Each structure stands twice: as C-alpha cells, then as structure tokens.
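J.: Please see the structure below; I have some questions.
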Amino acid sequence: MLLEKLKAKEEYNNYQEDLAFAKELNILRNDFYYKMIAAKNTELVDFLYKPLDVVSGDAYTAREIDKNRTFYLVVDGMGKGLSASLTAMIMTSFINHLIDKMKMYDSFSLDILIQESMEYMRPILLEEESVAIDYILMDSAYSTMEYAKFAMPVMLLQNENNEIIRIKSNNPPLSKYVTDYKISTYKTNGISKFLFYSDGVVENTVDEDKTYADFIEDDFLSSYTGEDLKNKLFQRIETQEDDITLIFINILDLKNTLIETKSFNTSLHDVDIASEWYSNLLEHVTTDVKSAYNAGLVFTELYMNAYEHGNLGITAFEKNSLLENDIYFDTLLEKEKDCTKKITVQVNKVKYGADTYIITQISDEGEGFDTQLLSQIFRNSRTFNGRGVFVSRKNSWGIYYNQRGNSVLYLNKV
C-alpha cells in the first residue's frame, strides 16, 4: 500500500514538473525556432537553453520586431531555485507582453521596453535580490546593435579579420533601487558572428583551477556554427553546475561561396534527377563517405518535402490518408501534370579553419508553412508527425527555414 502511494506521488510530481517545464518554454518565446533571418544578409540563430533543474533561473527571448530588427533578451535570476525562476519567468513574460503590444501598434521602442519592465519588476524584487539582464536590439538595415547590459558576462563578436571584440556590461545588476540605465550602440559592419550567454556558461568548472571562461573565446573563434560551439562546451565540462543559456548568431556569406545552383521541375522523375545531381556534386567536394551519405539523406528528405508538401500542396494529414488508401503515388502523378512550379537548389562551400562546410538551400514555389509548428512537433515526440524534418535535424549541423517556410537551408561538415 505504501509503495503504491509513493509511486502515485512520484508520478504526480513528474507530471507537475513536465507541466512546469512546458510552461517555461511557452513563456520564453522564440520567433526563430528553426528559422533563418533573411534580410540584408542571411543569419543563422542557434540557441542552447539547458536548465540545471526543472525550474530555471535563466530565461531568454528572441523576437522578430520587423523585417530588419530582431530583439534578444537573456535573463539570469540571482541564485538558484524557485525564487530565481519566478523572477526570470515573470520578467520574461512581461517583456514579451510589452513587445506584443508594441508590435500590434507598430511602436517598438527599446528605451520604453527597458523603462517599463524595470518599473514593473522593482516592486516584485526582494530587498537583497538582483537580476542580470541583456536587452539587445539588432538592426540589419542600419548595421547597428543597441544594448543595455545589466551585469551580464561580456558578449563576444567576431569580425571579418577573425578578431574577437568583447562588449562589457554598461549597467549594474537590476535591483529594487536601480532606476537609471544606459543604452549603448555598436556598429556591426564587418561582424560575422555574435555570442550572448548567461554566467552559467563561463563559470562552470573545467579543471580544478579553471572555468569555461578560460576557453570560451578560443572555442567561439574556432566554431562556425552553434552546434560546433555546443559540442566544444560539453566536451570540456564534465558536470553542469548552473543553468546554461546561449544565443549564437552566424552571418553567412552566400555570395562569394556559391558553387552550384540548379532548378528542377515538380515531378517524381526530377526527384531522381535532382538526387543524382546532388550526389555527383558531393563526390567532387568530399571523400568522406559518411558525411556525403548524411548530406544526401537530408537532401532526399527536404527535397521530397518541397515536392509533395511545397509545390503540390499535399498536407501531412492528406498524405497519411492517401497512403492508407494506397493511392499516394497515383495522386502525386496526377497533381504534377498541371504543376509548373520549380524547385531550386543552391549549394555553397565554406572553408572555416580546418573544416569544410556544405550549405544547401532548397526552395519551392508553394505557400510555405508556419515554422512555429516545429516547436510543437519536437516537444511532443509521442504525437510526432514530421519525419523529414526530424531525420534532417539528426543528420546535419542545423536546418533553417525562411520566413515564409518555402525555403530550407541546412549545413553539413564534410
């Protein structure tokens, strides 16, 4: 009887923890989940959010303000546990609410956002409590970054000469008694990478007398993608000691690194032609059989998505129904007869340090889809319905859709 009660209590606690973490993810708000920023340049934004416990003292937000401006927030509540988590989540939730209102009336202001959120939080904070925060606004049209850093670790930027620029905090930690703040501006012309992160990243012990702060600049410099940096980080730290949050932004050069571009008709026949063309291209790029196989596997999945879901407009629900009735391929052949839309493939080759990356972009002329749906797909594997994207994510160094959802870019290290 006692064992049954303990089991029931454990199941209930697990259920509550799952709900709490799901709520945290809803509060965070990431407008760039599996999405590239395709404005003046093509930017890839990668995130690592790894709480030490179910309730996290860290929080972040990534919001698209308009076609040129993006806003990033990193919050680190003082200490650990429920109090720090409540502070981080309350602040993040309120800031996202403000952003939603500002976007609704096309009146976004970083100055007002900071002022209003500070005013809102002051009565909530305890006497001895403080919060570290990064408010960051990127504007690709004017190549500027406005920021207000409240006792956060230095942000790292890398320029085209592979030099690291360190930007320190320009404000003290937020507390009940902080009313003034400073917003600074940095010109981002010639910057190729950005890294924003909480102190849980750099204060983690690596050796007896070192922390990851001793290695982060070198690892950032040698990492072309966010996945590269994540791998380096977890190779160095044996045990995670605090909540970890980081945002990695890479601005791609897709003009000077292009090696092939080709358009194909929307037909099953051209699906085979495109796969053979891509396979032959990879043979001239790499002798690594495994890397070539992985890149080819991703190409097959995403190209087929562009063909059936993009240009032919077949939904996942319709596909399942057609397969159950054994008329799937007959329907494809019938639909493609009147389809004049094209599928375009662009391939870039980037040499970075000792590594070579193939960047492939597949674009169709369909209506696209809301990429935020992917966040629901990957959070709930029990109702998973997106095999192509899942396989592509597992076999590449990152996949990213455009705003419309009719163009997908992925990277492979070869």
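The values are calculated or read from the model by the stated rules, or taken from the named source; none is laboratory data. All values derive from a computational prediction rather than experimental measurement. Positions of Cβ are backbone-derived with ideal geometry, glycine not excepted, and every protein chain shown enters the neighbour counts.
J.: Restricting the search to the stretch 357-401, which residues are modelled with pLDDT of 75 or more and among the hydroxyl-bearing types (Ser, Thr, Tyr)?
T.: TYR357, THR360, SER363, THR371, SER392, SER396, TYR400, TYR401
J.: Can you tell me which residue in the stretch 201-258 is farthest from ASP134 (Cα to Cα), limited to those that are surrounded by 14 or more Cβ atoms within 10 Å (Cβ to Cβ) and among the basic types (Lys, Arg)?
T.: Result: ARG236.
J.: Also, I was wondering about something else. Considering only the stretch 335-356, how many residues are charged (D, E, K, R) and over 25 Å from the mean Cα position of the chain (by Cα)?
T.: The total comes to 6.
J.: Among the residues of the stretch 316-330, is any closer than 23 Å to GLN403 by Cα and aliphatic (A, V, I, L, M)?
T.: Checking the stretch 316-330: at least one residue is closer than 23 Å to GLN403 by Cα and aliphatic (A, V, I, L, M).
J.: Yes or no: the stretch 297-314 includes at least one residue that is more than 20 Å from ILE358 (Cα to Cα), surrounded by fewer than 15 Cβ atoms within 10 Å (Cβ to Cβ) and either touching a residue at least 40 places away in the same chain (Cβ under 8 Å) or hydroxyl-bearing (Ser, Thr, Tyr) (or both).
T.: Yes: the stretch 297-314 contains one or more residues that are more than 20 Å from ILE358 (Cα to Cα), surrounded by fewer than 15 Cβ atoms within 10 Å (Cβ to Cβ) and either touching a residue at least 40 places away in the same chain (Cβ under 8 Å) or hydroxyl-bearing (Ser, Thr, Tyr) (or both).
J.: Regarding LEU125, is this residue assigned by TED's automatic domain parsing to the domain that holds SER184, of a type outside the set (D, E, K, R) and in a loop (DSSP other than H, G, I, E, B)?
T.: The answer is yes for LEU125.
Quick grid of which residues meet (1) on the phi > 0 side of the Ramachandran plot; (2) small (Gly, Ala, Ser); (3) buried (at least 19 other Cβ atoms within 10 Å of the Cβ):
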| site | (1), (2), (3) |
| --- | --- |
| LEU333 | no, no, no |
| GLU336 | no, no, yes |
| LYS341 | no, no, no |
| THR344 | no, no, no |
| LYS349 | no, no, no |
| ASP355 | no, no, no |
| GLN361 | no, no, yes |
| GLY366 | no, yes, yes |
| THR371 | no, no, yes |
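J.: Within the set of pairs 6+ apart or on separate chains, which have a first residue in the stretch 242-268 that is more than 20 Å from THR92 (Cβ to Cβ), a second that is in a loop (DSSP other than H, G, I, E, B), and C-beta atoms under 6 Å apart?
T.: ILE251/ASN41; THR266/CYS339; THR266/LYS341
To keep it simple, each residue is scored yes or no on (1) more than 22 Å from GLU64 (Cβ to Cβ); (2) exposed (fewer than 14 other Cβ atoms within 10 Å of the Cβ); (3) assigned by TED's automatic domain parsing to the domain that holds ARG63.
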{"site": "MET102", "(1), (2), (3)": "no, no, yes"}
{"site": "LEU137", "(1), (2), (3)": "no, no, yes"}
{"site": "ASN161", "(1), (2), (3)": "yes, yes, yes"}
{"site": "ILE167", "(1), (2), (3)": "yes, no, yes"}
{"site": "ASP180", "(1), (2), (3)": "yes, yes, yes"}
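J.: Could you grab me the full set of residues in the stretch 287-316 that are touching an Asp or Glu at 6+ places or on another chain (Cβ under 7 Å) and among the β-branched types (Val, Ile, Thr)?
T.: Answer for the stretch 287-316, where residues must be touching an Asp or Glu at 6+ places or on another chain (Cβ under 7 Å) and among the β-branched types (Val, Ile, Thr): just ILE314.
J.: Can you spot a residue in the stretch 191-203 that is outside any strand (DSSP E or B), among the aromatic types (Phe, Trp, Tyr) and on the phi < 0 side of the Ramachandran plot?
T.: For the stretch 191-203, residues outside any strand (DSSP E or B), among the aromatic types (Phe, Trp, Tyr) and on the phi < 0 side of the Ramachandran plot: absent.
J.: Hey, can you tell me all the residues within the stretch 134-174 that are outside any strand (DSSP E or B), among the hydroxyl-bearing types (Ser, Thr, Tyr) and under 24 Å from ILE244 (Cβ atoms)?
T.: Within the stretch 134-174, SER169 is the sole residue that qualifies.
J.: Pick from the stretch 303-333 the residues that are within 33 Å of the chain's Cα centre (by Cα) and not in a helix (DSSP H, G or I): which of them is farthest from GLU365 (Cα to Cα)?
T.: THR315
J.: Continuing with this model, one more query. Kindly indicate which of SER192, SER198, SER222 is among the small types (Gly, Ala, Ser), under 20 Å from ASN41 (Cβ atoms) and modelled with pLDDT of 95 or more.
T.: Only one candidate qualifies: SER192.
J.: Scan the stretch 228-274 for residues that are among the polar types (S, T, N, Q) and either more than 28 Å from the chain's Cα centre (by Cα) or not in a helix (DSSP H, G or I) (or both) and jot them down.
T.: Residues satisfying the conditions are THR239, GLN240, THR245, ASN250, ASN256, THR257, THR261, SER263, ASN265, THR266, SER267.
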